[in-house]
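Visitor: Before anything else, here's the structure in question.
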Amino acid sequence: MRRCRVGVVGAGGVAQRHARVLTGFDDVELLGVTDVVGQAAADLAGRHGGRAFGDVTELLAAGPDAVYVCVPPFAHGPVEEEVIAAGVPMFVEKPVAVDLDTAERIAELVARQGLLTAVGHHWRYLHVVDQARELLAGRPVRMVNGAWLDKVPPVAWWARRDRSGGPVVEQAAHVLDLLRALVGEVAEVTAYGDGSPPPVEGADIDSVTAATLRFDSGAVGTLATACVLGWKHRAGLEILADGLALALTEEGLTIRDAEGERHVGADPDAARVAVDRAFVDAVRGIGDDVRVPYAEALRTQRLALAVAESARTGRGVTLPTPPATSGPERVDA
Ligand SMILES: NC(=O)c1ccc[n+]([C@@H]2O[C@H](COP(=O)([O-])OP(=O)(O)OC[C@H]3O[C@@H](n4cnc5c(N)ncnc54)[C@H](O)[C@@H]3O)[C@@H](O)[C@H]2O)c1
């Protein structure tokens, strides 16, 4: 069986993780890496047995079976356009862009090509997420409170709004994705930022953001973000349904109901492996467990940008009504 030959665009932190995970699979080989910083591509390729390519065009000319797009938020768009034009299955890291226009344009091109895609929302592969979904089945969610309270990550582009999109888009994207997966689509958001950047050179993002969310189901929720701590304080969500409270993080699920409280541990590393395994299996045609294709990530991007826009303008933002689905039940009581 020929191995799946993967090309990687961007050789930073997350690309290093994907390269490590992918080359740990028997049926995958790293074809090569390209990065605007040539040495970064050479270093990563050198570590995992692939070649360094001068640009995406050269990488695509070598005939990869799949491409991982691991660039910072502001750099999305041109890379994806080339990969889509070549018809190569594409894994894109979150957030899929810094803005909505780019994400909508790429989603349209993906849909037109019928291209296989996956986006790096690996939290969806935590087994405690499946467990939370089972516990919530038949019990309408009343309220969900999401939070990402953390530090400014050590990458130069992060604290600039036009580079990262800000903490809601860049960091809280995982929480917003899960909140949609477990509670359904959000109809309207209102958010406030503090208008004061964290103490980092060149920063122009809000240090903290507080948002309220109204879901199509009638449920309500909040999202809090902060990037002024020196550590990752809390990232996850609390979900309240009748007689049930769930607290979900990458590390585990705490369940509180009439029987008392219990905790189930999670394995975030396993979820990071599972998201890659599912994509490779789909590329090889031996699996069908891509949980967040590009079109699904676009909805999370819309929500994140709605929160960011409301925080910037001080006005509420209404999201487009999605087509009817058999999603979470409406709370009418
Ligand atoms: N899913 C996750 O758990 C997870 C974890 C970490 C990062 N990420 C996401 O991955 C993305 C990248 O994060 P990172 O920490 O790897 O950033 P990084 O800054 O460490 O690496 C980005 C790399 O991309 C390169 N690059 C920039 N523009 C490029 C272009 N046009 N073509 C080729 N290479 C280009 C840079 O030179 C750099 O080497 C971010 O959007 C981040 O949110 C996701």
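Visitor: Regarding the stretch 288-297, can at least one residue be identified that is at pLDDT 95 or above, part of a helix (DSSP H, G or I), open to solvent by 60 Å² or more (accessible area, probe 1.4 Å) and away from the ligand (no atom under 16 Å from the Cβ)?
Guide: yes
Visitor: Could you please let me know if P154 is under 30 Å from G10 (Cβ atoms), under 15 Å from the mean Cα position of the chain (by Cα) and not hydrophobic (A, V, I, L, M, F, W, C)?
Guide: Considered against the rule, which asks whether it is under 30 Å from G10 (Cβ atoms), under 15 Å from the mean Cα position of the chain (by Cα) and not hydrophobic (A, V, I, L, M, F, W, C), P154 comes out as no.
Visitor: Oh, and also: What is the residue count in the stretch 169-185 for residues that are open to solvent by less than 10 Å² (accessible area, probe 1.4 Å), out of contact with any His (no Cβ under 7 Å at 6 or more places or on another chain) and within 27 Å of A75 (Cβ to Cβ)?
Guide: Number of matching residues: 7.
Visitor: While we're here: Inspect all residues belonging to the stretch 130-150 and state whether any of them is within 16 Å of the ligand (Cβ to nearest atom) and in a loop (DSSP other than H, G, I, E, B).
Guide: yes
Visitor: If a residue has to be over 25 Å from L136 (Cβ atoms) and not in a loop (DSSP other than H, G, I, E, B) to count, how many in the stretch 151-187 make the cut?
Guide: Count: 7.
Visitor: Moving on. Conditions: (1) within 10 Å of the ligand (Cβ to nearest atom); (2) open to solvent by 10 Å² or more (accessible area, probe 1.4 Å); (3) over 19 Å from G13 (Cα atoms). G77 meets all but one. Number of the miss?
Guide: Condition not satisfied by G77: (2).
Visitor: Would you please name the residue that is farthest from the ligand (Cβ to nearest atom), looking only at residues in the stretch 18-38 that are assigned to a helix (DSSP H, G or I) and surrounded by 18 or more Cβ atoms within 10 Å (Cβ to Cβ)?
Guide: L22
Here is a yes/no grid of residues against (1) open to solvent by less than 10 Å² (accessible area, probe 1.4 Å); (2) on the phi < 0 side of the Ramachandran plot; (3) among the polar types (S, T, N, Q); (4) part of a strand (DSSP E or B):
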position	(1), (2), (3), (4)
T212	no, yes, yes, yes
G218	no, no, no, no
T222	no, yes, yes, yes
V228	no, yes, no, no
K232	no, yes, no, no
G236	yes, no, no, yes
L246	yes, yes, no, yes
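Visitor: Hey, among G87, G7, G12, G46, which residue is within 12 Å of the ligand (Cβ to nearest atom), of a type outside the set (D, E, K, R) and surrounded by fewer than 18 Cβ atoms within 10 Å (Cβ to Cβ)?
Guide: The unique qualifying residue is G12.
Visitor: While we're on this one: For L59, state whether it is in a helix (DSSP H, G or I), more than 8 Å from the ligand (Cβ to nearest atom) and aliphatic (A, V, I, L, M).
Guide: So L59 fits the description; yes.
The values are calculated or read from the model by the stated rules, or taken from the named source; none is laboratory data. Since the structure is predicted, the reported quantities are computational estimates derived from the model, not experimental observations. Note that each Cβ is placed from the backbone with ideal geometry, even for glycine, and that neighbours are counted across all protein chains shown. Heavy atoms of the whole protein, side chains included, go into the accessibility calculation; ligands, DNA and RNA do not. Shrake-Rupley method; radii C 1.70, N 1.55, O 1.52, S 1.80 Å.
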